[in-house]
Amino acid sequence: MKLHFKKFGSGPPLIILHGVFGSSDNWKTLANHLMITFEVYLVDQRNHGLSPHSDDLNYQVMTDDLKELLHNAQIEKCCLLGHSMGGKTAMNFAVQYPEKIMKLIIVDIAPKRYPPHHQNILQGVHSLKINEINTRKEADDLLSTTINNSGIRQFILKNLSRNPEGLFYWKINWKAIEDNIQAIGAPLLSHDLFTGEVLFIRGAQSDYILNEDEPLLKKHFPNAVLMTIQKAGHWVHAEQPAQLLALINQFIKYGKR
């Protein structure tokens, strides 16, 4: 599948993959800083953003999508950063194509299985009849009955767009995500291994990477280091962008410390 992406700056290629329900736009603020040093590729994964929709959504097809992007862009090696679902894609890609990776950065996701835990979001989206909505404020009010966190609602509503007739539509393929929610939570295979340099970054207020997950990180990524950003939850890039930017630059320039 030919993915939609935006390219910024010049230098060594750095590819950024967003998480589930997200899009490349979520990382635009950080890309504005990273483009000073890198040629940054902000990618919409399949069924998200402006990339094509498909009934298939699993880490093998998303890995294949990324390989096609690198081939078409004539990128021999890159630094690869993935957040959440994007981090799982990045892990799978690194395991299968280690020769393509200079440095691997995984933000707030471990190589373990995650049970479905976005039911309130999917329930809220199901209850939203977008053909009857006239304003984003109206959509936000309706979503608030199932999604209490206003930040998460705004994150979800970034997927809402208008067609040329002015009617709202979803850019995201909700059906494919819901149908494949178990695959999105899938772990790496037990024998998967990448021996290159890896930086895992977690938010101190997130429970996606626990202390007891560190042996699993080392099993799959023996040359990995885990860093924690204080006062941040799962959306580290939105909550503490300056700290995240500093860790990314330091790791790519100097390696793990």
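The values are calculated or read from the model by the stated rules, or taken from the named source; none is laboratory data. Predicted model only: the values in this text are computed from it and were never measured. Counting neighbours? That spans all protein chains shown, and the Cβs are built from the backbone with ideal geometry, glycine included.
Tabulated data
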item	result
Helices (runs of 4 or more DSSP H) contained entirely in the stretch 148-257, each with at least 2 residues that are over 28 Å from P52 (Cα atoms)	214-220, 241-254
Count of residues meeting criterion [touching a residue at least 40 places away in the same chain (Cβ under 8 Å) and touching a strand residue (DSSP E or B) at 6+ places or on another chain (Cβ under 8 Å)] in the stretch 86-107	14
Residue match in the stretch 132-140 (condition: in contact with a strand residue (DSSP E or B) (Cβ under 6 Å, 6 or more places away or on another chain), at pLDDT below 95 and of a type outside the set (G, A, S))	yes
Where S51 falls short, out of the listed (1) outside any loop (DSSP other than H, G, I, E, B); (2) closer than 16 Å to K158 by Cβ	(1)
Test: residue in the stretch 215-232 that is farther than 27 Å from K100 by Cα, touching a strand residue (DSSP E or B) at 6+ places or on another chain (Cβ under 8 Å) and assigned by TED's automatic domain parsing to the domain that holds D56	yes
Members of the stretch 79-120 that are in a loop (DSSP other than H, G, I, E, B) and over 18 Å from L244 (Cα atoms)	Y97, P111, K112, R113, Y114, P115, P116, H117, H118
Test: residue in the stretch 56-78 that is free of Cβ contacts under 8 Å to residues at least 24 places away in the same chain, in a loop (DSSP other than H, G, I, E, B) and either out of contact with any helix residue (DSSP H, G or I) (no Cβ under 8 Å at 6 or more places or on another chain) or surrounded by fewer than 23 Cβ atoms within 10 Å (Cβ to Cβ) (or both)	yes
Pairs where the first residue, in the stretch 10-37, is in the same structural domain as L80 (by TED's automatic domain parsing) and the second is part of a strand (DSSP E or B) and of a type in the set (K, R), C-beta under 7 Å, 6+ apart	S24/K6
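Conditions tested, residue by residue: (1) of a type in the set (V, I, T); (2) farther than 26 Å from F38 by Cβ; (3) in contact with a Leu (Cβ under 7 Å, 6 or more places away or on another chain); (4) surrounded by 17 or more Cβ atoms within 10 Å (Cβ to Cβ).
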{"position": "L188", "(1), (2), (3), (4)": "no, yes, no, yes"}
{"position": "L193", "(1), (2), (3), (4)": "no, yes, no, no"}
{"position": "K219", "(1), (2), (3), (4)": "no, yes, no, no"}
{"position": "A246", "(1), (2), (3), (4)": "no, no, no, no"}
{"position": "I252", "(1), (2), (3), (4)": "yes, no, no, yes"}
